[in-house]
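Here's the structure we're looking at; comments come further down.
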Amino acid sequence: MSDEQIQEILDREDIQLADIDKRFIAFVLDSLIVSVVVCLLNFGALESINKSLQESNAEQIINTMRPMLLQLFVIDMIYQWIFVAWYGASVGKIVCKIEVVSIDLLDSPSVLKSLLRAFLREISQLVYYIPFIFALSDSFKRTLYDRLCQSIVIQKKQ
């Protein structure tokens with residue numbers, strides 16, 4: 001779908017794009033939620049890391065953190081997938097009153113598109129958030145994964 005067609009749909013339906021600052025706040029809130037869950041699941045491992053820090057045992061720290069990072073990746077992906085597929089927004093987005101919609105339907109993305117979006121979002125984080133920069137230059141504030149999944153983030157209608 002071309003940018004002109006997207007703009008026409010947004011104008012016709014009186015839809016406002018989500019501000020970048022709200023998207024950033026939602027991102028931080030979601031990251032905190034997932035981080036707390038991972039920390040609670042790995043409380044014993046965190047105690048082990050603390051002990052290894054005191055002993056300056058870098059190898060032990062890396063070996064302990066490696067499975068936690070994979071767990072963080074998987075939990076965050078599942079969290080994003082389920083919330084976007086079911087509610088059109090993660091908890092952070094709900095708090096910020098923004099939502100993800102599929103461009104063609106103007107509704108929550110399908111389960112499959114939500115899964116793809118969540119996976120590509122995680123990959124974006126692994127490559128130092130570079131694909132997020134697309135949102136700064138795109139006229140519809142779409143990240144690379146939004147473009148690939150044909151979704152946009154909008155202000156939730158009151």
Check your understanding: Any residue at all in the stretch 104-121 that is among the small types (G, A, S), over 13 Å from the mean Cα position of the chain (by Cα) and on the phi < 0 side of the Ramachandran plot?
Key -> yes
**Study point:** Answer from F27, F73, F43 - the residue that is out of contact with any Asp or Glu (no Cβ under 7 Å at 6 or more places or on another chain), surrounded by 16 or more Cβ atoms within 10 Å (Cβ to Cβ) and aromatic (F, W, Y)
**Key:** F27
Check your understanding: Scanning for something touching a residue at least 24 places away in the same chain (Cβ under 8 Å), within 18 Å of L120 (Cα to Cα) and of a type in the set (S, T, Y), does the stretch 32-46 turn up at least one residue?
Key -> no
Review point. If you scan the stretch 87-120, which residues turn out to be in contact with a helix residue (DSSP H, G or I) (Cβ under 9 Å, 6 or more places away or on another chain), within 24 Å of D21 (Cα to Cα) and surrounded by fewer than 16 Cβ atoms within 10 Å (Cβ to Cβ)?
Key: Y87, V95, K97, L106
Check your understanding: Restricting attention to the stretch 51-62, which residues are surrounded by fewer than 13 Cβ atoms within 10 Å (Cβ to Cβ) and within 29 Å of the chain's Cα centre (by Cα)?
Key -> I62
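Rule-based calculations on the coordinates, nothing more; no lab input. Worth saying up front: this structure is predicted, and the values here are computed from it rather than measured. As a convention, Cβ positions derive from the backbone with ideal geometry for all residues, glycine included, and neighbour counts pool all protein chains shown.
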